[in-house]
Amino acid sequence: MGSVETQVATDSQSQEVTDGFHLVIDALKINGIDTIFGLPGIPITDFARKAQAEGMRVISFRHEQNAGNAAAIAGFMTQKPGICLTVSAPGFLNGLTALTNATTNCFPMILISGSSEREIVDLQQGDYEEMDQLAIAKPLCKAAFRVLHAEDIGVGIARAIRAAVSGRPGGVYLDLPAKLFGQTVEAQVGKNSLIKVVDPAPRQIPAPDAVQRALDLLKGAKRPLILLGKGAAYAQADEDIRALVERTGIPYLPMSMAKGLLPDTHDQSAAAARSFVLPGADVVLLIGARLNWLLSHGKGKTWGGKDHKAWGGQKFIQIDISPQEMDSNVRIDAPLVGDIGSCVGALLAGIGSGWAKPPADWLGAIEERKSKNLAKMAETLAKNPVPMNFHSALNVVRDIVKANPDAVLVNEGANALDFTRSIVDMYKPRKRLDVGTWGIMGIGMGFAVGAAVVGRDPVIAIEGDSAFGFSGMEVETICRYNLPVCIVIMNNNGVYGGTDKNPTGGPDVAPTVFVKGARYDKMMEAFGGVGVNATTPAELRRAMEEAIRSRKPTLINAVIDETAGTESGRITSLNPQSAKKK
Ligand code: ADP
Ligand code: TZD
Ligand code: MG
């Protein structure tokens, strides 16, 4: 190159600028984030376009809550924060439920929302979509940040990533005012301001004395039990967890989203004897599971206590990354604070090879309960009632998942949730995605899209007809991106069923009842997907097999006996009772 040309090149380089749009994209990309789930509009439309132009995958939804749920589950599955992108005020609020749900479930995600003019918002002068989003987000997520200057974008993204994935994972809000996107800085200055986060989720090694305390307690146990929670699934320490279970010979119970961490058909699974092992155990090792309502707070009748608040006498060892989780519901005798990989690794090292299996009478008693309950279940599943009930339909799903263990199972509803959880065995880690800690309805299609986008495996979504309604419009999204999602609606005509009557005899139907005989399959056909109406297990089987084989977006309307469910499924007792007699 001649000297004149060099001079020109240098000049144009020194004048080269970048802007807020590109700096946000570059900051995400250098941190390995390649996908955005969102919904466009002022002020982030061009950001979404430019992100796609720069090679990111930008998945557009029909409602922000579903984009947020997709981001959250992507975070759970990959340990990288899932990104949700929304417009200001209403879009932000629509995404916020998903962010808060992600935080509640310890899933890492970042909600990025555009926001309106700061000086107008702060003086409450009535801007377009005016809202003090940062203040609102703060109490509802793990951390919240705002970036005002393009030079700070690198730091803003780095802080958001670290907050989302380090320690106990959770949701982070990142506020990006409209003005930020157009701000320019010299390209080289901008580039230098970006941060590639080193070791975003540092290992947290447990203290040796804490490990010894846990081992001592476990060693003395007569009736030990291991409880695996979704934290254990998230941690991706699958081999070590399996080794710990198998080398100690201790029976284990998987929480809902920990199903498949070890195959549900494993000899040591005590899932079919849950109501026997919880009150029966003397020492319980919790791995990434909180003693919240889902475990009856570690006390009360479920655990063999005399009344609903009484301690059942168990000693607890708890592995968790959050020190504050300890003693939150009952006394934790051996807290083991650290990341699950490091904690389980340390226990394995301490256990060595000569660990004595639990006493035979404990294992034998569990085996007896288990085989009795499994036989009873097999009998129920073999029936073929007309109309179909949850059991005969889910017996098909059980076979399909067994034949396709890599498929991801998304699940929501009440009866549709509880029956699926107990009937459909899972074989691999992080394949079961459901309503989580809140028991929230509406995760279905967001999780299905998120799982299909970040993984290669087909997705099967088992949905209550009510549950599906919360995110049902995303069937268009599933068709638009041609995702391998097979939705099965357990259609029992309403919330828990379709049999309630309006006691006044008035024209309105009861609050739990929907249009009878609705054809959800036609919704799928409207967008070019495959719709099937299935009234028998054979029809359901054929349709599911074809959906898995073809990988075409499919919705099967499975017609279920409207009397087959119970109020709230398994958690009927949480409904308050009126003292007044009718
Ligand atoms: P489940 O609903 O399956 O019982 P929870 O959501 O109640 O599970 O509990 C998950 C727990 O796992 C949380 O307390 C969280 O702090 C913890 N956790 C998440 N990731 C890790 C990790 N990598 N190491 C240790 N603990 C973790
Ligand atoms: N709204 C939200 C966001 N979450 C909730 N959990 C509920 C409402 C209350 N709710 C449940 O807990 S389950 C359920 C609702 C509305 C739906 C149950 O009906 P379904 O399932 O059709 O999905 P089944 O199979 O008929 O029981
Ligand atoms: Mg229903």
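If you go through segment 540-572 and pick out every residue that is free of Cβ contacts under 8 Å to residues at least 12 places away in the same chain and either closer than 21 Å to V513 by Cα or touching a helix residue (DSSP H, G or I) at 6+ places or on another chain (Cβ under 7 Å) (or both), you end up with 1. Regarding segment 360-370, can at least one residue be identified that is open to solvent by less than 40 Å² (accessible area, probe 1.4 Å), part of a helix (DSSP H, G or I), β-branched (V, I, T) and within 16 Å of ligand 3 (Cβ to nearest atom)? No - not one qualifying residue is present in segment 360-370. Total residues in segment 425-441 satisfying the condition of being hydrophobic (A, V, I, L, M, F, W, C), under 10 Å from the mean Cα position of the chain (by Cα) and more than 8 Å from ligand 2 (Cβ to nearest atom): the figure is 1.
Taken together, K259, K230, K196, K222 contain a single residue that is out of contact with any helix residue (DSSP H, G or I) (no Cβ under 7 Å at 6 or more places or on another chain) and away from ligand 3 (no atom under 16 Å from the Cβ), which is K259. Of the residues making up segment 481-514, those that are in a loop (DSSP other than H, G, I, E, B) and either within 12 Å of ligand 3 (Cβ to nearest atom) or touching an Asp or Glu at 6+ places or on another chain (Cβ under 7 Å) (or both) are N492, N493, V495, Y496, G497, G498, T499, D500, N502, A510, T512, F514. Are any of the residues in segment 199-219 more than 16 Å from ligand 1 (Cβ to nearest atom) and assigned to a loop (DSSP other than H, G, I, E, B)? The answer is no, given that none of the residues of segment 199-219 is more than 16 Å from ligand 1 (Cβ to nearest atom) and assigned to a loop (DSSP other than H, G, I, E, B). For segment 137-170, the set of residues classified as part of a loop (DSSP other than H, G, I, E, B) and either basic (K, R) or within 16 Å of ligand 3 (Cβ to nearest atom) (or both) consists of K142, R168, listed by residue number. For segment 379-393, the condition of being open to solvent by 60 Å² or more (accessible area, probe 1.4 Å), closer than 24 Å to G497 by Cα and assigned to a helix (DSSP H, G or I) holds for at least one residue. So in segment 9-24, with the set limited to residues that are out of contact with any Gly (no Cβ under 9 Å at 6 or more places or on another chain) and open to solvent by less than 90 Å² (accessible area, probe 1.4 Å), which one is modelled with the lowest pLDDT? Filtering segment 9-24 for residues that are out of contact with any Gly (no Cβ under 9 Å at 6 or more places or on another chain) and open to solvent by less than 90 Å² (accessible area, probe 1.4 Å), the one modelled with the lowest pLDDT comes out as A9. Taking into account only those residues within segment 454-474 that are in contact with a strand residue (DSSP E or B) (Cβ under 6 Å, 6 or more places away or on another chain) and farther than 9 Å from E412 by Cα, which is most open to solvent (accessible area, probe 1.4 Å)? Looking at the filtered set, the residue picked out is D457.
With respect to S422, determine if the residue is near ligand 2 (Cβ under 8 Å from one of its atoms), open to solvent by 10 Å² or more (accessible area, probe 1.4 Å) and in a helix (DSSP H, G or I). Here the answer is no, as S422 does not meet what is asked. Of all the numbered requirements in (1) hydrophobic (A, V, I, L, M, F, W, C); (2) free of Cβ contacts under 8 Å to residues at least 40 places away in the same chain; (3) open to solvent by 60 Å² or more (accessible area, probe 1.4 Å), M326 misses one, and that requirement is (3).
Listed here are the residues, each with its yes/no results for (1) over 24 Å from A72 (Cβ atoms); (2) open to solvent by 10 Å² or more (accessible area, probe 1.4 Å).
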| residue | (1), (2) |
| --- | --- |
| M441 | no, yes |
| G446 | no, no |
| G450 | no, no |
| M490 | no, no |
| D508 | yes, yes |
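Within segment 102-117, does at least one residue satisfy the condition of being touching a helix residue (DSSP H, G or I) at 6+ places or on another chain (Cβ under 6 Å) and open to solvent by 10 Å² or more (accessible area, probe 1.4 Å)? Within segment 102-117 (the criterion being touching a helix residue (DSSP H, G or I) at 6+ places or on another chain (Cβ under 6 Å) and open to solvent by 10 Å² or more (accessible area, probe 1.4 Å)), the answer is yes, since at least one residue qualifies. Scanning segment 278-311 for residues that are within 12 Å of ligand 1 (Cβ to nearest atom), touching a strand residue (DSSP E or B) at 6+ places or on another chain (Cβ under 7 Å) and part of a loop (DSSP other than H, G, I, E, B) gives G288, A289.
Screening segment 20-117 for strands (runs of 3 or more DSSP E) wholly inside it with 1 or more residues that are among the charged types (D, E, K, R) returns the ranges 57-60. Screening S269, S256 for residues that are in contact with an Asp or Glu (Cβ under 6 Å, 6 or more places away or on another chain) and either among the acidic types (D, E) or open to solvent by less than 30 Å² (accessible area, probe 1.4 Å) (or both) leaves exactly one candidate, S256. For segment 406-419, filtered to residues that are farther than 19 Å from T512 by Cα and free of Cβ contacts under 8 Å to residues at least 60 places away in the same chain, the residue that is nearest to ligand 2 (Cβ to nearest atom) is N411. Collect the residues in segment 148-173 that are hydrophobic (A, V, I, L, M, F, W, C) and either within 16 Å of ligand 1 (Cβ to nearest atom) or surrounded by 24 or more Cβ atoms within 10 Å (Cβ to Cβ) (or both), keeping them in residue-number order. Listed by number, the residues that qualify are A150, I153, I157, A160, I161, A163, A164, V165, V172. In summary, V189 fulfils each of the numbered conditions (1) away from ligand 1 (no atom under 14 Å from the Cβ); (2) β-branched (V, I, T); (3) over 30 Å from V408 (Cα atoms); (4) touching a helix residue (DSSP H, G or I) at 6+ places or on another chain (Cβ under 6 Å) with the single exception of condition (4). If the condition is being part of a loop (DSSP other than H, G, I, E, B) and open to solvent by less than 60 Å² (accessible area, probe 1.4 Å), then segment 220-248 contributes G220, A221, G229, A235, A237. If you go through segment 404-419 and pick out every residue that is open to solvent by 20 Å² or more (accessible area, probe 1.4 Å), small (G, A, S) and away from ligand 3 (no atom under 16 Å from the Cβ), you end up with 0.
Assess whether V397 counts as being part of a helix (DSSP H, G or I) and not small (G, A, S). So V397 fits the description; yes.
The values are calculated or read from the model by the stated rules, or taken from the named source; none is laboratory data. Note that this is a predicted model, so its numbers are computed, not measured. Glycine gets a Cβ as well: all are built from the backbone with ideal geometry, and neighbour counts include every protein chain shown. In case anyone asks, the SASA skips ligands and DNA or RNA and just uses the protein heavy atoms, side chains included. Shrake-Rupley method; radii C 1.70, N 1.55, O 1.52, S 1.80 Å.
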